[in-house]
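Only one structure is covered here, and it is reproduced in the block below.
The values are calculated or read from the model by the stated rules, or taken from the named source; none is laboratory data. For clarity, every value in this text was computed on a predicted model and none was experimentally measured. All Cβ positions, glycine included, derive from the backbone under ideal geometry; neighbour counts span all protein chains shown. The accessibility values were calculated without ligands, DNA or RNA, using every heavy atom of the protein model including side chains. Shrake-Rupley method; radii C 1.70, N 1.55, O 1.52, S 1.80 Å.
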Amino acid sequence: MEKIRGQVERITFVGEESGYSVIKVKIPGRRDPVPVVGNFVSVTPGEVLSMEGSWRMHPKFGEQFRMERYETLAPATAEGIRKYLGSGLIKGIGPVMAKRIVERFGATTLDIIDQFPERLQEVEGVGEYRLEKIQKAWADQKDIRELMVFLRSHDVSATYATRIFKHYGKGSLEVLQNNPYRLAMDVFGIGFVTADKIAESMGFSRDSPLRAEAGVLYVLQKAMEEGHACVPRNWLLKKSMELLHISISVLEGALTGLLAEGRLILQVVPRESQPQWGDEEAVYLKGYHLAEVQVARKLRALQMFPSMQNRPHTETAMKWLHENLSLKLAELQEEAVRRSLVEKVLVITGGPGTGKTTLIRAILALYGKAGGRVCLAAPTGRAAKRLSEATGHDASTIHRLLQFSPQSGGFQRNEQKPLNKDLFIVDETSMLDILLAHYLLKAIPGNATLILVGDVDQLPSVGPGNVLKDILTSAEIPVVRLTQIFRQARESHIVTNAHLVRQGKFPRMPPSGESLQDFYHIEKEDPEEALEVILKLCAQRIPERFGLDPVDGIQVLSPMHRGAVGIQRLNTALQEVLNKETRSVERGGRAFRLRDKVMQTRNNYDKDVYNGDMGRIAKIDTENQEVWVDVDGRGVVYDFSELDELVLAYAVTVHKAQGSEYPAVVFPLLTQHYMMLQRNLLYTGITRARKLVVLVGSRKALAMAIKNDKTQRRYTLLAERLGGLLDF
């Protein structure tokens, strides 16, 4: 083992998860910086490192120093301090400000920041606001570094430190030392496996009650992420045993404890549903049980409550509609309009081209004539925007309608402060999960009419529950199913093929020729060849032939995340061909470039952005460590530490595309996707396109998707509650 000491010149490579790094260090007596490799915890240019290790000769990169142990020393020279401060270490100090501060205070700069920070105001550009920002960042980075050292000592990636510190603040280390399993439930992006690794290295027993409870909660939470509102009790214990490898008696004890604390709820499953369940008891997380019970209760209550006094009279309204509007309604559409004037809760379902939008316009006209106050809403921003454009009425996302307040941590609209409207029309309700349905129904007054519009054949919501399908299954809420495809829609191969797929039939390809069509299938068996075709389609062929923007006009949808044409590889490849910007920031192994197309991956109520929202990166501010994203014309600011909430969105899964519509959709379908090849997934993907669909892949994979109409089972008891098989 040899000892060397030197100043970090630059960081060449950092493995985000492992911490393995390649850095260049200036060592006294050597003309050029030497490469040093090893596991470092967030080293910064300008720092001085004292290291122990050994020299070796790499066959490709030459002489290197392999670090085994090191300690960090503050830079001693003015130049070292300038590099240290200008590296982005402290929010509010970039290269320009670092130069000014060091020119004023020289080698004493770090002591000034640490002990006499108010003196920074002697530097041009440092006012009270910036000073406060620098002081906080300086204090935070010291705490975060301490946290990083703790994590690395337990063989856990130090990249989690900022996330943990943001959630727990100065109490982070205490939380980790007392109960590291809290991380799995509290901190986004940190799962049970990471928490368990920390706990094990700290000496927690494998049979620890804390571990058993955390494991059960983790399995249940993962089930919710897969769409279940609850799970069978025996299923939960079996999955928990597979994860934890501990005895059933310990898990039974953990489950009993969680039920006693009220964190979980046990529900007896009706006898009529037990054959499908295979179990007589369901387990809920407390919040999901409450949501399901209240959704059923509110839907039943709405049906029984008297309606608004100035509701349109049916026959008078229909006569006025025929005489004054140019809308010609089909038989089922007319039935839907009539029932919207009679029923308190109504579901209207149908595929593309069946006239749902025309129907909404007619209902709005009638309620408007009668002086009714109407409210249009949809689960996503893009769906709300489409609804507004199609009807000429303002439409809102459900989240914005309910007015989330970061200060109170909840929605402002509820039973105590309901939405003062007579008619609520909610579009794209196949996307409505049980929690969002719960919060929406809480804010709807009893005398209002609720119309739920959606396509039950699409994929269910990303979140837990299967609200639209459960309502239809219960047969307790009036439903109008639109089946007629109108003439204009029949001229679209996209619409006609979507309905063929829904019926389990092969799509019909339009005849090839000089004229442009709206539906194509490019047959490719080899995944690599399919990838090349997709890149050419997006970068050249579709923009040139159809005049569409390669980024905003084309959306690639894929059934899976991994594989040659999975989301991850597609995004990396599409970023390379569609975005030549050099300004970028890298976090969590992802490189984000200016102008990149990105998507939000979780609900962030504070920022008013939600799972599936898409935007473009408009600004990267390295000094303040912020990324600005344009989401539907609104600037949303992300701290660098929050970038794990974003992913590239040149390609997205079909699930994430729900509620959105794009000019063109490119959809790879290969047999390697066999796990996800389902009819409703293909149908949903096709119906996302407005002008053009291009399927790329094998005919066999297409056949597999069309044939497979078995949708994944979602555990939920909403239909039973609505049908009276369960007490509220």
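Quick notes on this one:
- Helix 209-225 and the longest principal axis of the C-alpha atoms of the chain enclose an angle of approximately 50°.
- Additional length obtainable on full extension of the chain from Ser50 to Glu252, 0.36 nm per residue less Cα span: 67.6 nm
- Extension gain, Val637 to Lys328: 0.36 nm times the residue separation minus the Cα-Cα distance gives 106.6 nm.
- Rounded to the nearest 20, the Cβ-based charge dipole of the chain about its Cα centre (Lys and Arg +1, Asp and Glu -1) stands at 1120 debye.
- Contact order relative to length of the chain, as percent, for alpha carbon pairs under 8 angstrom and 6 or more apart: 10
- The range 1-71: relative contact order as a whole-number percent, Cα under 8 Å and 6+ apart: 32
- By the rule of a C-alpha distance below 12 Å, with chain neighbours fewer than 8 residues away ignored, the aspartates and glutamates paired with Lys136 are Asp114.
- Of all aspartates and glutamates in the structure, those lying under 16 Å Cα to Cα from Lys580, and not within fewer than 8 positions of it along the same chain, are Asp549, Asp552, Asp596.
- The residues of the range 18-98 have, on average, 46 Å² of accessible surface per residue, using a 1.4 Å probe with all protein chains present.
- Expected 222 nm ellipticity per residue - DSSP helices of 4 or more, -39500 (n - 2.57), all of the chain, to 500: -11000 deg cm²/dmol
- Largest-first ordering by accessible area, 1.4 Å probe, given options Lys197, Lys700: Lys700, Lys197
- Label-zone membership for the range 342-369, site Ala390, 7 angstrom Cα→C-beta point, backbone N under 20 Å: 346-368
- Carbon/sulfur fraction of accessible area - the range 445-591, other protein chains in place, 1.4 Å, %: 46
- Of all accessible heavy-atom area on the range 62-120, the percent that carbon and sulfur account for (1.4 Å): 49
- Helix 331-340 vs. the chain, principal-axis angle (Cα, 0 to 90°, nearest 10): 70
- Charge dipole of the chain about the Cα centre (unit charges at C-beta), most positive-ward option of Leu557, Leu210, Gln115: Leu557
- Pair Arg104, Glu523: separation of 7 Å Cα→Cβ label points (nm): 7.3
- Exceeding the 24 Å Cα-Cα cut-off - candidates Lys286/Lys421; Lys385/Lys691; Lys133/Lys166; Lys421/Lys656: Lys286/Lys421; Lys421/Lys656
- If you sort Trp628, Trp320 by accessible surface, 1.4 Å probe, largest first, the order is Trp628, Trp320.
- Residue-span extension gain [His154 to Ser405] - 0.36 nm each, minus C-alpha spacing: 86.6 nm
- Per residue, the average separation of C-alpha pairs within less than 8 Å and at least 6 apart gives the range 440-535 a relative contact order of 14 percent.
- Rg and Dmax, both from the Cα atoms of the range 126-268 and both in Å, are 18.1, 64.
- Legend: calculated FRET efficiency, Phe305 to Asp727, from the Cβ-Cβ distance at R0 = 30 Å, rounded to 0.05, equals 0.90.
- Taking all protein chains into account, the per residue accessible area for the range 103-194 stands at 51 Å² (1.4 Å probe).
- Ordered by solvent-accessible area of protein heavy atoms (1.4 Å probe), largest first, the residues Met185, Met304 come out as Met304, Met185.
- Relative to the longest principal axis of the Cα atoms of the chain, the long axis of helix 233-244 lies at roughly 20 degrees.
- Rg to Rh quotient for the range 386-519, alpha carbon positions, Kirkwood Rh: 1.07
- Per the Debye formula on identical point scatterers at the alpha carbon atoms of the chain, with no solvent, log10 I(q)/I(0) at q = 0.05, 0.09 Å⁻¹ is -0.31, -0.96.
- Considering only Val250, Ala701, Gln276, and ranking their Cα positions along the charge dipole of the chain that arises from unit charges at the beta-carbon of Lys, Arg, Asp and Glu, the one farthest toward the positive end is Ala701.
- A crude spin-label estimate for the pair Ala703 and Glu242, with each label 7 Å from Cα along the Cβ direction, gives 3.2 nm.
- Portion, in percent, of the accessible area of the range 167-276 that falls on carbon or sulfur, probe 1.4 Å: 52
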